[in-house]
Amino acid sequence: MSVHTAAAATVLAPLPVLGRDVTVPLVTGGEAGYAALDYAASAPALQRVWDDVAAYAPYYGSVHRGAGHLSQLSTGLFEDARRTVAGFLGCREDDQVVFTRSTTDSLNLLAHALPAGCQVFVFATEHHAALLPWRGAEVTWLDAPRTPEQAVRTLERALAARDAGAPALVCVTGASNVTGELWPVRELAAAAHAHGARIVLDAAQLAPHHPVSVTELDVDWIALSGHKLYAPFGAGVLAGRADWLDAAEPYLAGGGASRTVARREDGGVEVEWHEGTARHEAGSPNVIGAYSLASACKALTEAGFDALVARERHLIARVRTGLADVPGVRVLSLFGEDAPRVGVLSFVVEGWNSSHLAAALSAEYGIGVRDGLFCAHPLVRTLLGGTPQDQGECGAAGDAPGERSLNAVRVSFGAGTPDEHVDRFVGAVGELVRDGAKWSYRTENGRCVPVA
């Protein structure tokens, strides 16, 4: 596969994260320590990140244009964060690191910067953040592959049939937010470049779990989110080649993006825009978000990805082994059970409404997972074999035994997850399937919730 594999390493303890001591009420009485198993949506903040932000907060100031000491300090910290992220992502010397709000924002920025006539190629298995931004381009959706090799062949055929004179961009995930499976990024990048196309990597699910390098993967851009990288302070990144970004109109028009502004005699405005990262970072930047993201990059690097990957494989094995012993559970997969993956697994249980199962895990066991289609509707529909519809009212068995499941449950974990959380999750799923829910549930706004 196209990511680093972990060397044999001692399984380390979970990294300290916020919320590890939080307790939540149970509908059956009492409280339980909260088991946060929805990392794929938003990971908790690393304690290191929180401490760094708290230490900096009294010194917060305006960035780039302030003459005061705190402004100068904040500007230096902001630009140092940019360099830290560039190093974490293995950027080339002339690459840009543009701070955004999220992966979604990063890919929309790149879509805004596409040259005229650009053709975009994207697998139908992508997250909506990668499927939807390309509204001004000619988009080719590629069918869901069933092996990594098939993914490469599918892309090669599509690129070979394109208009060779037009610019082209391939958008691909590094790790699925539904199945957790790793994609053959390096091979897809080689195929793109062989056919004169560029490639952007959606690393939102990959970067928190594996080392990611622009240079080693030979991608043109990487997009990621801080809130999945243990830095939930509203920052994201688009890192990569500068030419398309410098040639595009600023993503946002405003202060910071403009070098000079003058009023014309005809009443209009004459603007000279910056080049480089400032061109697309108009307004007061999210310096705390950028600093927290850089802090997370440092913390993960210092912990060592070999050890982090080894620990995650240990957790994945515990979850897969435990779910395999529960009757009626089917883990969703594109590439097969043995495909390498990060700590993200989606599954269905025969006879269970997935929303009901997720609600019971929360209300009766204090376990937070996610249910639904995970902002990847085409992929989940492919894996489930049809178009989901209203699942009906919550009940002891939701869907009737033998009926097709209409959505799924996702469990996801990472560097801050203790063994006890995944063991409690597996035990809870087993109890619910064997004994049923202890509480009554009803449907409210399309979701299952405990009856008061």
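The values are calculated or read from the model by the stated rules, or taken from the named source; none is laboratory data. The model shown is predicted, which means the values in this text are computed figures rather than measured ones. Every residue, glycine among them, receives a Cβ derived from its backbone with ideal geometry; neighbour counts consider all protein chains shown.
Name the residue that is surrounded by the fewest Cβ atoms within 10 Å (Cβ to Cβ), counting only residues in the range 143-186 that are of a type in the set (Val, Ile, Thr) and under 21 Å from VAL214 (Cα atoms). The residue in question is VAL152. When the range 190-219 is filtered for residues that are surrounded by fewer than 22 Cβ atoms within 10 Å (Cβ to Cβ), without any contact (Cβ under 8 Å) to a residue 40 or more places away in the chain and either within 12 Å of the chain's Cα centre (by Cα) or on the phi < 0 side of the Ramachandran plot (or both), the ones remaining, listed by number, are ALA190, HIS193, ALA194, HIS195. Considering (1) under 27 Å from ARG20 (Cβ atoms); (2) at pLDDT below 95, the lone condition that GLN391 does not fulfil carries the number (1). Contact map, the range 11-34: residues that are in the same structural domain as SER440 (by TED's automatic domain parsing) paired with residues that are of a type in the set (A, V, I, L, M) and surrounded by fewer than 15 Cβ atoms within 10 Å (Cβ to Cβ), Cβ distance under 6 Å, separation 6+ or inter-chain. Pairs shown: TYR34/VAL22. So ALA41 ticks every box in (1) part of a loop (DSSP other than H, G, I, E, B); (2) not assigned by TED's automatic domain parsing to the domain that holds GLU312 but one. Which box is left unticked? Looking at each condition in turn, ALA41 falls short on (2). If you scan the range 210-246, which residues turn out to be assigned to a loop (DSSP other than H, G, I, E, B) and of a type in the set (Lys, Arg)? Scanning the range 210-246 gives a single hit, ARG241.
The criterion of at least 1 residues that are in contact with an Asp or Glu (Cβ under 7 Å, 6 or more places away or on another chain) is met, among strands (runs of 3 or more DSSP E) falling completely within the range 406-452, by 408-412, 441-444.
Within the range 165-173, is even one residue at negative phi and touching a residue at least 60 places away in the same chain (Cβ under 8 Å)? Yes, the range 165-173 contains a residue that is at negative phi and touching a residue at least 60 places away in the same chain (Cβ under 8 Å). The residues listed here are LEU334, LEU345, LEU373; of these, the one that is crowded, with 17+ Cβ neighbours inside 10 Å and modelled with pLDDT under 95 is LEU373.
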